[in-house]
Structure formats: structure tokens, C-alpha cells
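Student: If you scroll down you'll find the structure; I have some questions about it.
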Amino acid sequence: MQKLKAAWRSPSNIALIKYWGKKGMQVPANPSFSMTLRNSFTETFVTCHHKGDRHGIPLEFLFDGNKEDIFEKKIAEYFLGITGHLPFIDTMAWHIQSSNTFPHSSGIASSASGISALVLCLLTIENELTGKFTDQDEFFKRASFLSRLGSGSACRSVYGGFALWGKTALVNDATNEMAIPAMHLVHENFQDVKNAILIVSSHKKPISSRTGHGLMTNHSFASRRYLQAEKNLESLLAGMKEGDWDVFVRIVETEALSLHAMMMTSEPSYILMEPNTLNIIDKIRKFRKDSGIPACFTLDAGPNIHLLYPGSSYGEVREFITQELLVSCERNQWIDDGIGEGPVSL
Ligand code: PMV
């Protein structure tokens with residue numbers, strides 16, 4: 001029986017303007033803007049063959065070579081949800097192997113890299129099956145659209161550099177359906193942004209992003225938050241267009257703290273920062289003041305810090321990290337990352 005194969009490497013991304021709150025089928029309540037990473041990625045290898053008269057969608061999922069039932073179930077659900085878009089899924093038996101370059105629950109969105117890598121494999125297989133030529137632009141648009149249905153933030157990982165997802169009057173072709181590449185919207189001062197990921201804790205987060213988004217539905221501050229995100233996007237895009245790192249620092253930190261403020265004031269409430277998160281934030285702000293280097297922090301929905309800074313200050317910031325920040329990290333762990341070029345077919 002003929003086997004079809006596909007393999008992709010796809011990176012994670014970190015949001016600078018945060019997506020927190022959604023409606024219906026993964027429709028974001030506000031636009032978000034992210035930076036795609038270079039070293040934090042998932043590699044996924046998919047093989048499939050016709051399932052014959054077997055029922056359902058036969059599927060096996062291995063993570064780092066081991067069978068992973070929880071992920072397998074999630075993928076099975078996702079496959080069911082997208083068979084309307086990719087009917088061949090239902091005619092095949094699937095074997096999927098994945099691994100990440102970064103540790104589990106390290107504050108790096110593994111769903112963003114994992115889902116986008118899987119979708120890119122599915123679309124490669126679709127191309128082989130149908131023999132239809134899909135042009136590059138269409139291929140990645142479709143990949144972003146289908147990734148969004150699996151995990152909102154995943155739709156932004158399909159593009160290198162910066163990506164924008166969600167309808168906004170600020171950018172003509174921005175849409176809720178998928179992300180668009182946004183590197184052309186920013187000044188060359190932001191072509192080499194570095195991201196040191198400081199692992200304060202690698203414990204599993206106590207709240208899934210699905211639950212977190214859900215808590216925004218009846219949140220007292222939700223409508224103000226969505227307006228703030230839109231305004232912050234406007235300021236950030238204007239600042240980044242001009243190459244202005246001061247604006248970048250101000251908006252990126254405000255966004256990180258606003259995301260956590262939403263979680264801290266939801267019902268039930270969650271405090272996902274830890275004492276060492278605040279210690280590191282204090283030190284970053286002091287370092288910025290003393291050195292004049294525009295280093296700033298952002299956070300995902302967890303305690304780990306993403307320290308963002310210009311590549312031209314790599315040496316000084318690396319020294320600052322090793323001398324002052326690693327004491328506040330779990331087992332001195334950190335990941336040296338930065339802006340990346342997007343997915344690669346393997
Ligand atoms: O893509 P989801 O549903 O896992 O939500 C991601 C939410 C944040 O990571 C907190 C913010 C973002 O925009 O990536």
C-alpha cells in the first residue's frame with residue numbers, strides 16, 4: 001500500500017500584543033502581533049496510507065519517540081474538526097512523530113509550533129494527493145487558516161519575522177481568519193531582535209489557555225482590555241515603523257502586564273507570576289536604566305520571562321543574564337533565542 005510522507009520544522013512565536021479572549025470558532029476578540037522565534041521549534045514527521053475499511057480516523061502519535069495518549073486524543077479531535085476542509089484525512093491511517101527543541105511547559109507556546117508543523121505536513125500531503133499546484137502564498141495562507149482552528153496563536157507561526165492576526169482598521173489586509181506576514185511594516189532596527197527565555201519555573205501551568213480565554217467572556221474589564229489592545233497595536237506599529245525602541249519597550253511591557261492583570265482579576269483569579277518573575281522584572285528595568293540598552297520583558301500565560309533586546313547588545317545582555325538573572329531561574333535554565341525566518345520543509 002502506498003505511503004505518503006511529509007516533514008516540517010515550525011517555530012514557536014511570542015506575542016507582543018496579546019490575544020486573550022475569543023468568540024465562536026477561534027475568532028480573536030482583538031488583533032495580536034507576534035515575533036516568530038528561531039531556536040524554539042517543533043519537528044514533525046507524518047506518514048499515512050489508505051485506511052481501507054477501518055472505522056474512524058486511525059492515528060498514532062509519538063512525542064520524543066514515546067506514545068502520548070493525551071496529545072493523541074487532542075490531535076484526533078482536531079482532525080475530526082478539519083475534515084470538512086481536508087476530506088482526505090478521513091480516508092487515511094496516520095502515524096505522527098514530533099519533538100521540540102525546548103522543554104515542555106517552559107513558557108514557550110508548544111501548541112503554536114506543534115499545530116503549525118502538523119498542518120504544514122497535512123497540506124504537503126494534500127498537494128501530493130491532489131497533484132494540484134498550490135502557489136506559495138496560497139499554501140501558507142491556508143496553513144495559517146487551518147492552524148488557527150487548532151490553536152489561535154499557531155496561525156502566527158506560519159510566517160517568519162513578525163506576524164499580525166486579527167481584523168484591524170490599521171492594516172488593510174489584516175483578518176480574523178488567518179495571520180499575515182508583517183516584517184515589511186517594521187523598520188530595520190527590528191530585524192535582529194533577540195529573545196532570552198528565562199525559565200523561572202517549568203511546572204505545568206494551572207490553567208489551560210482555553211479556560212483562560214473563556215474567563216474573558218464575563219470579565220468586568222474585557223471591553224476596556226480589547227480597546228487597549230487595539231490602541232497598543234496602533235502605538236507599537238507606529239513606533240516600530242520609525243525604528244523606535246523606546247516605544248517598543250513601553251508597549252511590550254504594558255501588554256505583558258495587562259495580560260496578567262486580566263488573569264489576576266478574573267473569576268476565579270489566577271496569579272501565574274512567581275516571586276522570581278518579579279525579581280527578574282525589577283532587574284531588567286534597573287539594567288535598562290543603568291545601561292541605556294532598550295532591553296524589556298514580555299510574558300506568556302505563565303511565570304517565565306521573555307527578555308527582548310537588540311542583537312547589537314548581545315554581549316552586554318548575555319553578561320547581564322549570566323551574572324544577575326540566572327540565580328532567579330530554575331536550575332539556571334534559559335534559552336538563547338531570537339527572531340526567526342519561519343517554517344522549513346524537511
Ligand atoms: O493560542 P492559544 O489559544 O494557546 O492562546 C494563546 C494566548 C497567549 O499565548 C497568552 C497570547 C498570545 O497571543 O499568544
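Student: Please give the calculated 222 nm ellipticity per residue for the chain, where each DSSP H segment of at least 4 residues contributes -39500 (n - 2.57) and the sum is spread over every residue; nearest 500 deg cm²/dmol?
Tutor: Working: 8 runs with 122 residues, N = 346.
That calculation yields -11500 deg cm²/dmol at 222 nm.
Student: With axes computed from alpha carbons, what is the tilt in degrees of helix 136-150 against the longest principal axis of the chain, rounded to the nearest 10 within 0 to 90?
Tutor: Taking Cα atoms only, the helix is inclined about 80 degrees.
Student: Give me the net charge of VAL171's neighbourhood, meaning all other residues with Cβ under 13 Å from the Cβ of VAL171; Lys, Arg count +1, Asp, Glu -1. Working shown, then result.
Tutor: Values: positive: LYS167, LYS241; negative: ASP173, GLU230, GLU234.
My count for the surroundings of VAL171 gives -1.
Student: Sticking with this one: Out of all DSSP beta bridges in the chain, what portion is antiparallel? Express it as a percent rounded to 5. Present the calculation step by step, with values, prior to reporting the outcome.
Tutor: Values: 50 of 55 bridges.
In the chain, approximately 90 percent of DSSP beta bridges are antiparallel ones.
Student: Another one. Between VAL344 and GLU60, 0.36 nm times their residue separation minus their Cα-Cα distance comes to what?
Tutor: Details: separation 284, 0.36 × 284 = 102.24 nm, distance 2.35 nm.
Contour length minus Cα-Cα distance gives 99.9 nm.
Student: Quick one: accessible area per residue over the chain, 1.4 Å probe, rounded to a whole number of Å²? Mind showing how you got there, number by number?
Tutor: Numbers: 15850 Å² over 346 residues.
With all protein chains present, the chain gives 46 Å² per residue.
Student: In Å, the Kirkwood hydrodynamic radius of the chain over pairs of distinct alpha carbons?
Tutor: 20.6 Å
Student: Region 226-279 to region 11-89: how many Å between their Cα centroids?
Tutor: Each part's Cα centre sits 27 Å from the other's.
Student: Expressed in nm to one decimal, what extension gain is obtained for the pair HIS184 and ARG331 from 0.36 nm per residue of sequence separation less their Cα-Cα distance? The partial results should precede the final answer.
Tutor: On the way: separation 147, 0.36 × 147 = 52.92 nm, distance 3.89 nm.
Full-extension gain reported as 49.0 nm.
Student: Report the FRET efficiency, 1/(1 + (r/R0)^6), for ASP90 and THR130, where r is their Cβ-Cβ distance and R0 is 22 Å, rounded to 0.05. Walk me through the numbers on the way to the answer.
Tutor: On the way: r = 15 Å, r/R0 = 0.69.
According to the calculation, E is roughly 0.90.
Student: While we're on this one: Given Cα pairs under 8 Å that are at least 6 residues apart, what percent is the relative contact order of the chain? Let's see the in-between values first.
Tutor: Working: 713 pairs, mean separation 84.7, N = 346.
It comes to 24 percent, rounded to a whole number.
Student: State whether region 244-346 is rounded, prolate or oblate according to the following rule on the C-alpha gyration tensor (a ≥ b ≥ c being the square roots of its eigenvalues): a/c under 1.5 gives rounded; otherwise a/b larger than b/c gives prolate, and the remaining case gives oblate. Show your work: numbers first, answer last.
Tutor: Details: a/c = 1.42, a/b = 1.26, b/c = 1.13.
Rounded, because the longest to shortest axis ratio a/c is under 1.5.
Student: With θ set to phi - 60° and the Karplus curve 6.51 cos²θ - 1.76 cosθ + 1.60, what are the ³J(HN,Hα) couplings of region 193-198 in order, to the nearest whole Hz, using x for Gly and Pro?
Tutor: Result, rounded to whole Hz: 7, 9, 9, 8, 9, 9.
Student: If you don't mind, there's one more thing I want to ask. Mind ordering 45-57, 24-36 by average Cβ neighbours within 10 Å, highest first?
Tutor: On the way: 45-57: 14.1, 24-36: 21.6.
Those peptides, ordered most packed to least, come out 24-36, 45-57.
Student: Follow-up question, since we're still on this one. So what's the net charge close to HIS203: Lys and Arg +1, Asp and Glu -1, counting the other residues with Cβ under 13 Å from its Cβ? Please report the intermediate quantities before stating the final value.
Tutor: Values: positive: LYS204, LYS205, ARG331; negative: GLU274, GLU330.
Local charge sum for HIS203: +1.
Student: Can you pull the percent of the chain's accessible area that's carbon plus sulfur, 1.4 Å probe, other chains left in place? Mind showing how you got there, number by number?
Tutor: Working: 8050 of 15850 Å².
C and S fraction of accessible area: 51 percent.
Student: Just add up the charged neighbours of PHE63: K/R +1, D/E -1, any other residue whose Cβ is under 12 Å from the Cβ of PHE63. Show your work: numbers first, answer last.
Tutor: Working: positive: LYS67, LYS74; negative: GLU43, GLU60, ASP64, GLU68, ASP69, GLU72.
Local charge sum for PHE63: -4.
Student: Once amide H atoms are built 1.01 Å from N in the peptide plane, which residues 5 or more positions from GLU68, or in another chain, come under 5 Å H to H?
Tutor: Answer set, sorted by chain and number: PHE61, PHE63.
The values are calculated or read from the model by the stated rules, or taken from the named source; none is laboratory data. Keep in mind it's a predicted model, so treat the numbers as computed, not measured. Positions of Cβ are backbone-derived with ideal geometry, glycine not excepted, and every protein chain shown enters the neighbour counts. To get the accessible areas, we keep the full protein, side chains included, count just its heavy atoms, and leave off ligands, DNA and RNA. Shrake-Rupley method; radii C 1.70, N 1.55, O 1.52, S 1.80 Å.
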